[in-house]
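Asks: The structure is given below, and queries will be raised subsequently.
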Amino acid sequence: MGERRTSDERPPGPVPGAPHRGLGARIEGSDGAGVAAGKPAGDNLLVMAQEYPKANALPAQDVGRLLLRCADRPGLVAAISGFLTAAGANIVSLDQHSTEQAGGTFIQRTIFHLPGLTAVRDELERSFREQVAGPFEMDFTLTEAAKPKRVALMASREDHCLLDLLWRNRRGELPMSVVMVIANHPDLAEQVRAFGVPFIYVPATKENRAEAEQRLLELLRGNVDLVVLARYMQILTPEFLDAVGCPLINIHHSFLPAFIGAAPYRRAKERGVKLVGATAHYVTEDLDEGPIIEQDVVRVDHRHTVEDLVRLGADVERLVLSRAVLWHCEDRVIRFGNQTVVF
């Protein structure tokens, strides 16, 4: 299963100049994969996990993404566009939304090209904060399209969402670097090994929850830009969510709201539901009530068995979660309140 790593070793830290985690976060103003309890194995895998996925069309160099939100008022678009023009940037696309005709929240995503962006990014961010964001009291993030987000995937025993994300990432469909897979059961180690990604087994039960969450924080905090709960069948405490320091995305069969708990599809069959679906959302302290990123459904009828519902549910969960992860990694999602705008 791979050699054990010593307890003080961790997956590699963020690359200098790594992109901001984005407005999806809350803003306050090569042959082995270790399955030892909480200890990754296989040093060569840790290197492979940082490689950007190969694809036919990677994000262009010198392309920036500016996401922002603030109280709506006249002159915002002019101020933002004028700043970028003065900096020598060419605006490639600009999407905006105001929640009300007057007095609402203004939300904007701007894609621009600026030669030598990497070298001037920090200065550009500082200048934008001083000249635009400060006076207009904006929350904003500035990222580089060519720098993939560092992502940790968390799972339990079900493999459909986890393997789908790994497969799409290998094909270059998801602009992210999968740093590690963490699971509270060792069952999926062999499948993850085939993708060259570190598998870290962290047992988690009601009895050892505090210890398990401390281990998770050691692995994740300051090391990843996003955590994806790919059917991770554990409830994370508010203390963990406050401390982890990055957004988390969860997938939930939330088009079955009347069937919480175990065996939802069996109970849905008994009730004769006509739709099954899934919701991808950001994780908050309120269980399964975080800002929604994406939803989808499939129609079913009396001819579908419980097994059919499980299969169809797994299909829609894969699609919904992969879209949500893609949109977050492409900086398309901006949170406000308990909602999102997806451009």
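Just so you know, all these numbers are worked out from the coordinates, no wet-lab data involved. Source: prediction; values computed, not measured. Using ideal geometry, Cβ is built from the backbone for each residue, glycine included, and neighbour counts are taken over all protein chains shown.
Asks: If the reach is capped at under 13 angstrom between alpha carbons, list the aspartates and glutamates near residue 147, excluding any in the same chain fewer than eight residues apart.
Replies: 51, 62, 225, 330, 331
Asks: Projecting each Cα onto the charge dipole of segment 116-269 (Lys/Arg +1, Asp/Glu -1 at the beta carbon, about the Cα centre), which of 235, 191, 246 comes out farthest on the positive side?
Replies: Positive-end residue among those listed: 191.
Asks: Place a +1 charge on the Cβ of each Lys and Arg in segment 63-144 and a -1 charge on the Cβ of each Asp and Glu, then give the dipole magnitude about the Cα centre in debye, rounded to the nearest 20. Could the numbers behind the result be given before it?
Replies: Numbers: 7 positive and 10 negative charges, 22 e Å.
For this selection, approximately 100 debye.
Asks: May I pose another question? Under the 0.36 nm per residue contour assumption, what length would be gained going from the current alpha-carbon distance of residue 266 and residue 131 to full extension?
Replies: That pair, residue 266 and residue 131, stretches by 42.9 nm at full extension.
Asks: Hey, how many Å between the Cα centroid of segment 63-117 and the Cα centroid of segment 213-229?
Replies: Rounded to whole Å, the Cα centres lie 31 Å apart.
Asks: Starting at the first residue of segment 277-284, write each ³J(HN,Hα) from the Karplus equation 6.51 cos²θ - 1.76 cosθ + 1.60 with θ = phi - 60°, in whole Hz, x for Gly and Pro.
Replies: My calculation for segment 277-284 gives x, 8, 10, 9, 8, 6, 8, 10 Hz in order.
Asks: Further, regarding this structure: Considering only 132, 97, 71, whose Cα is most displaced toward the positive end of the charge dipole of segment 63-144, charges sitting on Cβ of Lys, Arg (+1) and Asp, Glu (-1)?
Replies: Ranked along the dipole, the leading option is 97.
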